1. So, of the residues in segment 4-35 that are closer than 14 Å to residue 83 by Cα and at pLDDT below 90, which turns out to be surrounded by the most Cβ atoms within 10 Å (Cβ to Cβ)?
2. Tell me, yes or no, whether segment 75-86 has at least one residue that is in contact with a helix residue (DSSP H, G or I) (Cβ under 9 Å, 6 or more places away or on another chain), at pLDDT below 90, surrounded by 17 or more Cβ atoms within 10 Å (Cβ to Cβ) and not in a strand (DSSP E or B).
3. Which residue pairs have Cβ atoms under 8 Å apart, sit 6 or more places apart or on different chains, and have a first residue in segment 1-29 that is more than 15 Å from residue 79 (Cβ to Cβ) and a second that is at pLDDT 90 or above and assigned to a loop (DSSP other than H, G, I, E, B)?
4. If we keep just the residues of segment 53-62 that are surrounded by 15 or more Cβ atoms within 10 Å (Cβ to Cβ) and in contact with a helix residue (DSSP H, G or I) (Cβ under 9 Å, 6 or more places away or on another chain), which is nearest to residue 82 (Cα to Cα)?
5. Just the residues that are assigned to a helix (DSSP H, G or I) and either touching a helix residue (DSSP H, G or I) at 6+ places or on another chain (Cβ under 7 Å) or under 24 Å from residue 18 (Cα atoms) (or both), please, taken from segment 31-52.
């Protein structure tokens with residue numbers, strides 16, 4: 001189980017730097033990633049990417065997987081682990097009912 005605080009999920013993402021660009025890869029969501037020129041920008045973009053990914057899944061009646069807890073396994077100068085606050089969960093059933101109405 002990942003980090004859970006007052007109704008919020010936090011998803012682990014590995015931030016890495018290559019050729020001056022930062023990239024966030026979500027551990028639990030392989031097809032969700034974000035880029036940025038700075039660590040602040042990539043973390044902000046990662047939260048937005050997570051929200052878009054969740055909305056896309058919800059349109060097809062699916063949901064994000066539960067976040068996992070990940071041990072960092074050592075910090076490198078060009079790579080670190082961060083937990084990104086996930087958007088409020090959307091109940092896929094409720095979403096499809098709203099569309100039908």
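1. 9
2. yes
3. 2/28; 11/27; 11/28; 11/29
4. First pass over segment 53-62, keeping only residues surrounded by 15 or more Cβ atoms within 10 Å (Cβ to Cβ): 53-54, 57-58.
Of the ones still in play, those that are also in contact with a helix residue (DSSP H, G or I) (Cβ under 9 Å, 6 or more places away or on another chain) are 57-58.
Working: 57: 23, 58: 25 Å.
Checked segment 53-62; the qualifying residue nearest to residue 82 (Cα to Cα) is 57.
5. To start, the set of residues in segment 31-52 that are assigned to a helix (DSSP H, G or I) comprises 39-52.
Passing the criteria: 39, 40, 41, 42, 43, 44, 45, 46, 47, 48, 49, 50.
The values are calculated or read from the model by the stated rules, or taken from the named source; none is laboratory data. A quick note: this is a predicted structure, and the numbers were derived from the prediction, not measured. Neighbour counts are summed over all protein chains in view; Cβ atoms, including those assigned to glycine, are modelled from backbone coordinates with ideal geometry.
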